[in-house]
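The values are calculated or read from the model by the stated rules, or taken from the named source; none is laboratory data. What you see is a predicted model; the values in this text were computed from it and never measured. For neighbour counting, all protein chains shown are included, and Cβ atoms are generated from backbone atoms with ideal geometry for every residue, glycine included. Areas reflect the complete protein model, heavy atoms only, side chains present, ligands, DNA and RNA absent. Shrake-Rupley method; radii C 1.70, N 1.55, O 1.52, S 1.80 Å.
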Amino acid sequence: MNHTLSRQSRAASARGFFSRLRAVAAIGLVCAALGGCAGEQFQKGYILPEGALEQIPIGASQDQVLIVMGTPSTVATLDGEVFYYISQRSERPVAFMNQKVVDQRVIAIYFDKNRRVRRLANYGLQDGKIFDFISRTTPTSGQEMSYLTPLFKLLSFN
């Protein structure tokens, strides 16, 4: 009789073990599925290397800028040449949701007639307006604004 009880208790114990193992596996499967729904970040356009703008002093040559920053996203001519490096960061908290833009930047490097850096600007949007994060000003030049506004509108399309 003792031998039969021992066998029954071992069988019950094994069933309990496998039942708990199935529960743990099910929980792990649910966690893995939900992990696939975790937020994502997206980077479009130019990725600014850490400390790159600090390596470009006023008066640096256009070649030095190309070595540090690489090829610009676009080039314009406004009283000399301007290199524009365009980027956008967006994220979505859960997969299958729409992306939300968290940062848009246009880095502008202005050159004089001798192809030397005259001015640096790091434009972004602040309170819905184009803002230069280096000089802490909103650009007001008509020719410059007429070029920056379409760049930001171009960025706003996902």
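Quick rundown of the values:
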| quantity | calculated |
| --- | --- |
| Cβ-based net charge around I47, under 11 Å, with every Lys or Arg adding one and every Asp or Glu removing one | +2 |
| By accessible area with a 1.4 Å probe, ligands and nucleic acids excluded, highest first: order of E54, E81 | E54, E81 |
| Estimated distance in nm for a label pair at K100 and L66, the labels positioned 7 Å out from Cα along Cα-to-Cβ | 4.2 nm |
| Charge tally in the Cβ shell below 12 Å around V117, where Lys, Arg are +1 and Asp, Glu are -1, V117 excluded | +1 |
